[in-house]
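Everything below concerns the one structure shown next.
The values are calculated or read from the model by the stated rules, or taken from the named source; none is laboratory data. Since the model is a prediction, treat every value here as computed from it, not as a measurement. Here the Cβ positions follow ideal geometry from the backbone for every residue, glycine too, while neighbour counts run over all protein chains shown. All accessible areas refer to the heavy atoms of the entire protein, side chains included, with ligands and DNA or RNA removed. Shrake-Rupley method; radii C 1.70, N 1.55, O 1.52, S 1.80 Å.
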Amino acid sequence: MAARRALKAVLVDLNGTLHIEDAAVPGAQEALKRQAILQVQMTNTLRAASVMVRFVTNTTKESKQDLLERLKKLEFDISEDEIFTSLTAARNLVEQKQVRPMLLVDDRALPDFTGVQTGDPNAVVIGLAPEHFHYQLLNQAFRLLLDGAPLIAIHKARYYKRKDGLALGPGPFVTALEYATDTKAIVVGKPEKTFFLEALRDTGCAPEEAVMIGDGLSPRGESGAGLLVSPSAFGVFQKVDGPVTELDRKYRAADEEKINPPPYLTCESFPHAVDHILQNLL
């Protein structure tokens, strides 16, 4: 591995890493807790070590405000400007392209598209919307795509983690529309390179100065950190994240062997990953 720069920023996945739905990963709050004195021995928290933290998520089932309220109920000390979501990335692209999207997203995600014109749609934006994934709506999207509308996928995860086990993500539905219309979706969420660069933009940090902590690999068998452009970029891959059954874990045995480039480190939990960063990377 090429020599890396000093660590300045940490990107942290949310669902599956800090929490699973409404249950926090044990020890995760303490690992993020602020300290009154910034230069405390660098043995307790990321923020105490003056490392910038950004929380990145592909969650499409709720708005950023709803997500923030959920995290605060779990006693996470997180502010709204520290969160970067794939919904934000999707809205940014819609505004950039000046299109009127058909929004195939959960109703709880709609507030993040407030003000976006959706009448007479000429684009399709698709996220995780289980209650809307039925023939009539999917066929409407299919016809728009046949007429030349762009397909914007908030992400293409094959599955995600719930308290009752793994569940289908939006990826299979995006792929079905791609297949039926012989088109290719524009993907804006993790693990796309542009997503991570956008998340880092206001930190002033280069990819080589950042680390990503997550709980799984992408549909293409790549880690998010591996997509941060440079061979100097590195990642921390989390394999166990709380008192859940083996079937509930997004991580599957030997997943890290499928990632190219490989993760910098595989840890037992988010707190273990934080401990490693504080003790070895600062």
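A cut-off of 5 Å between modelled amide H atoms, ignoring neighbours fewer than 5 places along the same chain, links R162 with A167. A 1.4 Å probe run over region 39-176, with the rest of the protein chains in place, finds 47 Å² accessible per residue. In this rough spin-label picture, where each label sits 7 Å from Cα along the Cβ direction, the Q140-N122 distance is 1.9 nm. Using alpha carbons only, how many angstrom separate the centre of region 102-149 from the centre of region 58-75? So the two Cα centres are separated by 22 Å. Shown here for region 131-175: trypsin sites (Lys or Arg not before Pro) in loop regions (DSSP other than H, G, I, E, B) with at most 16 other Cβ atoms within 10 Å, namely R158, K163.
Taking amide H positions as modeled 1.01 Å from N, with prolines and chain starts lacking one, the residues under 5 Å from D106 and 5 or more places away or on another chain are L128.
Of the peptides 129-135, 70-76, 168-174, 119-125, the ranking by mean beta-carbon count within 10 Å, highest at the top, reads 168-174, 119-125, 70-76, 129-135. Measuring nothing but protein heavy atoms, the accessible surface of region 148-216 at 1.4 Å probe radius is 53 percent carbon and sulfur.
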